[in-house]
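Worksheet: one structure, shown below.
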Amino acid sequence: MRYLELALPTAAENVALDEALLEEAEAAGRPTETLRIWEPAEPMVVVGRSSRIEQEVHGDACRRFGVPIVRRPSGGAAIVTGPGCLMYALVLDRQSRGELRTDDRAHRFVLGRLARALQPMKDGVRCRGISDLAVGDLKFSGNSIRRKRTHLLYHGTLLCNFSLDLIDRYLAMPPRQPEYRGSRKHAEFVVNLGLDPAEVCAAIRAVWNAVDSYSEWPQARTAGLVADRYGRREWNEGF
């Protein structure tokens, strides 16, 4: 598997790059798998493909503090990320991995591997709900899927040393909640791993055998997706 450790300057570029990697794999005509890990330099809100911003995001607070809102190509609810929160993206070959045939199986497969990578460093890590990782009943990772014909994009968050108060500042309570949340507020539901991000990166890279450094990332397609979609208010806030 290829490995790309790259954070681009803007929220729109970073979301676009995940989709560009998926499109690149689809066009390759052969299994093309990539692990990307990055950490935002500034806070940003990322909403799901079908999210309604007025229901999930405190838009006034985002505007007041200059926090960008960008819509990703995958489902799920809105998240806040920024320094101290690792973002990862996996582009996986659907045809060679039977575990990816349905979304439920894909969640179990990917999250199971991530949990195994982190358990030696943090007691109590386990899969919770449909697409979360938690320490006990406290969530530190939310994840979502975007499928294409031959590959899928699986991406999500890993709270390491994030300013958790930003979640309540920028997000409303989600319209859909896993049962284990028990209607708890963000501050009562999320937790940092408290681990060195470099060690987390190394563990995830090892569990996916992402040994091939990748530098020729799809710059032109990323820029095109920003221009056509992720840099446009109509896409990010128009649902």
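Here, each number is a calculation from the coordinates, and none is a lab measurement. Just so you know, these numbers come straight off a predicted model, no measurement behind them. Here the Cβ is made from the backbone with ideal geometry for all residues, glycine too, and neighbour counts use every protein chain on show.
Listed highest first by mean packing, meaning other Cβ atoms within 10 Å per residue, what order do 171-179, 83-91 come in?
The packing order, highest mean first, is 83-91, 171-179.
So what's the net charge close to residue 188: Lys and Arg +1, Asp and Glu -1, counting the other residues with Cβ under 11 Å from its Cβ?
Overall, the nearby charge balance is +2.
Counting only DSSP beta bridges with both residues in segment 2-237, what percent are antiparallel, rounded to the nearest 5? Display every interim value, and only then the final one.
Numbers: 31 of 41 bridges.
If we restrict to bridges inside segment 2-237, about 75 percent are antiparallel.
Please give me the summed charge of the neighbours of residue 201: other residues whose Cβ is under 10 Å from its Cβ, Lys and Arg +1, Asp and Glu -1. All intermediate terms of the calculation are to be shown ahead of the outcome.
On the way: positive: 205; negative: 5, 39, 196, 199.
My count for the surroundings of residue 201 gives -3.
Starting from 0.36 nm per residue, how many nanometres of slack lie between residue 237 and residue 209 once their C-alpha separation is accounted for?
6.3 nm
At 37 °C and a viscosity of 0.692 mPa s, what translational diffusion coefficient does Stokes-Einstein give for segment 79-142, taking Rh as the Kirkwood radius over Cα pairs? Give it in µm²/s as a whole number. Kindly include the intermediate steps, with their values, before the conclusion.
Values: Rh = 12.9 Å.
Diffusion coefficient, whole number: 255 µm²/s.
Show me the ranking of peptides 41-51, 99-109 by mean Cβ neighbours inside 10 Å, starting with the highest.
Descending packing order for the listed peptides: 41-51, 99-109.
Take the Cα atoms of the chain, build their convex hull, and give its volume per residue in Å³.
Each residue corresponds to 115 Å³ of Cα convex hull volume.
With the crude spin-label approximation of a point 7 Å out along Cα→Cβ, what separation in nm comes out for residue 196 versus residue 49?
3.9 nm
Could you give the length gained by full extension between residue 220 and residue 122, i.e. 0.36 nm per residue of separation minus their alpha carbon distance, to one decimal place?
Extra length from residue 220 to residue 122 when fully extended: 31.3 nm.
Identify, among 162, 21, 152, the residue whose Cα sits farthest towards the positive end of the charge dipole of the chain, taking +1 on the Cβ of Lys and Arg and -1 on the Cβ of Asp and Glu, with the dipole about the Cα centre.
152
Could you give the C-alpha radius of gyration of segment 97-239 expressed as a fraction of 2.2 N^0.38 Å, taking N as the number of residues it contains? All intermediate terms of the calculation are to be shown ahead of the outcome.
Details: Rg = 17.0 Å, N = 143, 2.2 N^0.38 = 14.5 Å.
That works out to 1.17 for segment 97-239.
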